[in-house]
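Each remark here refers to the structure printed beneath this line.
No value in this document is a laboratory result; all are computed from the given coordinates. Small disclaimer: the values here were computed from a predicted structure and weren't measured. All Cβ positions, glycine included, derive from the backbone under ideal geometry; neighbour counts span all protein chains shown.
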Amino acid sequence: MRWLETCQRDWLHSASGTNYCAGKDIPLRSFAIALLMPEFQVVICYRIYAAIYRHVSRVMGILFYLLVKFVYKCDIHPKCRIGAGFLLVHGFDVVIGPDASIGEDVVVFNGVSMGKKHVGVLAAPMPRVGNRCVIGTGAKLLGDITLGDQVVVGANAVVLTDIAPGSVCVGIPARTVNHDSGSTDYPV
């Protein structure tokens, strides 16, 4: 998918919120309001500095990333991979590490951290999140884990193991409380 199309899907998801996959009409004013929302601005800034980091200059990309991190208090590393339709909800204090991978149409709430399980290990793997997942407020995804498609991670859950597609996980450490692999509905 091309860069501009990815940004358009981010904008659509930001404008429609939880109605993103419901097929409902979105009022024009919602698109204008989305442009003013800092959460959407962070996502677009990420798209810009990640493109600069990958295609122009790593130093320029890092400098822009540090500026965005300072202004918005949201740390999304330019090296991480995030699919189209990414939605931050109250994006303050979100940390996404450099080797994390996030699929398409993912919703991330405030206080979420995705990174290494052990400090000081340079090449430690980071989480991989599937498509159409929802990651609740304060959740921590740590280490070499994979979240399948349509996973819902509850608020303040600490995920240290793989989670099957269609699951709901909660707790510290996170455990699966519901498993519905046949569901095609968006979990929000």
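Would you list, by chain and number, the lysines whose Cα falls below 30 Å from the Cα of Lys140, excluding same-chain residues fewer than 8 positions away?
By straight Cα distance, Lys140 reaches Lys69, Lys73, Lys79, Lys116, Lys117.
By average Cβ neighbour count within 10 Å, what is the ranking of 135-142, 166-173 from highest down?
Details: 135-142: 21.6, 166-173: 17.8.
The packing order, highest mean first, is 135-142, 166-173.
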